[in-house]
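Peer 1: Before we start, here is the structure in question, set down as structure tokens.
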Amino acid sequence: MISAEHLSKRYGSHPAVDDVSFTCEPGTVTGFLGPNGAGKSTTMRMICGLTPPTAGRATVDDRAYRRLGNPGRRIGVLLDASAQHPGRTGREVLTLAALTMGVPRQQVDAGLERVGLNKTAAKRRVKAYSLGMRQRLGLAYALLGDPGILILDEPANGLDPEGIFWMRGLLRDFADRGGTVLLSSHLLREVEAVADKLVVIGGGRIVAQGDKAELLAASGTVVKALDMPALRAALERAGLTGTETADGGVVVQADAEVIGRAAAEARLVLLELRPADSGGLEQMFLTLTAGETVKEVVR
């Protein structure tokens, strides 16, 4: 399990991450989403012990990453697909990792095959790899120690559609066998297809988190009345707030029965009362992160 508790990171006067808390449980894929500069990578680096937090703490199976005796056997990390020695071959990269982690060398070829790097690719130097091939090598590195946890930052960058579909299946299978996955990606439809839970961050703070189905279902109810000013007054008396729609209706974060009762008590004629259309993860993401400005920070 991954646990982030009140994590904060400041660079001078800039709060890159501000009081972020969430957990990733075994058997689940958690999609970690946010616009560029929102604090995703900084949060993941704090979890992996690469960036010290200004406040708060992060643990992996109840221990700080730096206190794991052989972290590669507990947690697989892919934060930067280009962070491999360009002069080494793919097989050399994994062989050195196997020696470091105490993994049998015969698992190197199995690891390369698992991510779709054939014998020819294994003999090529990393500097000759495409971005997609580097992503596959980085994932092979993360999986080499047979960890129970994966932390992946944009692992699908550079992959073709077939590769993205393959990675989705691999991560889903990993979680279904009891593994824990924290996945950051801008490919929202792929995250929607594979994730069980979502954590959305904007401006360094969490703006939404929970089960994917519940978050995507929380679109509200559309209501429209013959007398819209009277409807707004009735909703206000009932303690309900709404957002105007382009066609003159109101989206209210309440179910149809609650809204209908409020309208009936005010003797209003309703022209429309229905669940709001869900635009899926993409629409939810755009709504939650609207207006966020990207601030580049020198690290």
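The values are calculated or read from the model by the stated rules, or taken from the named source; none is laboratory data. No experiment lies behind these values; they were computed from the predicted model shown. Cβ placement follows ideal geometry from the backbone for every residue including glycine, while neighbour counts extend to all protein chains displayed.
Peer 1: Got a number for residues in the range 169-189 being in contact with a helix residue (DSSP H, G or I) (Cβ under 6 Å, 6 or more places away or on another chain) and buried (at least 19 other Cβ atoms within 10 Å of the Cβ)?
Peer 2: Looking only at that region, the number is 4.
Peer 1: Shifting gears a bit: Scan the range 82-100 and report the pairs whose first residue is within 12 Å of residue 137 (Cα to Cα) and whose second residue is part of a strand (DSSP E or B), with Cβ atoms within less than 6 Å and a gap of 6+ or a chain change.
Peer 2: 89/125
Peer 1: Okay, next question. State which residue is farthest from residue 55 (Cα to Cα) when the search covers only the range 187-213 and only residues that are free of Cβ contacts under 8 Å to residues at least 60 places away in the same chain and not in a helix (DSSP H, G or I). Please lay out each step first, then the result.
Peer 2: Filtering the range 187-213 down to residues free of Cβ contacts under 8 Å to residues at least 60 places away in the same chain leaves 187, 190, 193, 210-211, 213.
Among the residues that remain, those that are also not in a helix (DSSP H, G or I) are: 187, 210-211.
Values: 187: 30, 210: 23, 211: 27 Å.
My answer is 187.
Peer 1: Quick check on residue 110: is it within 26 Å of residue 182 (Cα to Cα), assigned by TED's automatic domain parsing to the domain that holds residue 176 and in contact with a strand residue (DSSP E or B) (Cβ under 6 Å, 6 or more places away or on another chain)? Spell out the reasoning first.
Peer 2: Numbers: within 26 Å of residue 182 (Cα to Cα): yes; assigned by TED's automatic domain parsing to the domain that holds residue 176: yes; in contact with a strand residue (DSSP E or B) (Cβ under 6 Å, 6 or more places away or on another chain): no.
It is false that residue 110 is within 26 Å of residue 182 (Cα to Cα), assigned by TED's automatic domain parsing to the domain that holds residue 176 and in contact with a strand residue (DSSP E or B) (Cβ under 6 Å, 6 or more places away or on another chain).
Peer 1: If you don't mind, there's one more thing I want to ask. Test each condition in (1) within 20 Å of residue 42 (Cα to Cα); (2) among the charged types (D, E, K, R); (3) in contact with a helix residue (DSSP H, G or I) (Cβ under 7 Å, 6 or more places away or on another chain) for residue 205 and report the one that comes out false.
Peer 2: Failed condition: (3).
Peer 1: While we're here: Being among the hydrophobic types (A, V, I, L, M, F, W, C), surrounded by 15 or more Cβ atoms within 10 Å (Cβ to Cβ), at pLDDT 95 or above and within 15 Å of residue 181 (Cα to Cα), is that true of even one residue in the range 11-26?
Peer 2: yes
Peer 1: I need the full set of residues from the range 28-50 which are surrounded by 16 or more Cβ atoms within 10 Å (Cβ to Cβ), touching a residue at least 60 places away in the same chain (Cβ under 8 Å) and in a loop (DSSP other than H, G, I, E, B), in order please.
Peer 2: Of everything in the range 28-50, those that are surrounded by 16 or more Cβ atoms within 10 Å (Cβ to Cβ), touching a residue at least 60 places away in the same chain (Cβ under 8 Å) and in a loop (DSSP other than H, G, I, E, B) turn out to be 34, 35, 37, 38, 39, 48.
Peer 1: Restricting to the range 24-45, and then to whatever is within 12 Å of the chain's Cα centre (by Cα) and among the polar types (S, T, N, Q), can you tell me which residue is nearest to residue 9 (Cα to Cα)?
Peer 2: Checking each candidate, the answer is 43.
Peer 1: Got a sec? Which strands (runs of 3 or more DSSP E) wholly within the range 214-276 have at least 2 residues that are farther than 30 Å from residue 199 by Cα? Before the answer, list the steps.
Peer 2: Values: elements: 221-225, 242-244, 250-252, 270-275.
The strands (runs of 3 or more DSSP E) meeting that bar are 221-225, 270-275.
Peer 1: Just checking, how many residues over the range 102-125 are farther than 20 Å from residue 174 by Cα and surrounded by fewer than 17 Cβ atoms within 10 Å (Cβ to Cβ)?
Peer 2: Kept after step one, since they are farther than 20 Å from residue 174 by Cα, are these residues of the range 102-125: 102, 104-106, 118-125.
Filter once more, so that each one left must be surrounded by fewer than 17 Cβ atoms within 10 Å (Cβ to Cβ): 102, 104-106, 118-120, 123-125.
Total satisfying the criteria: 10.
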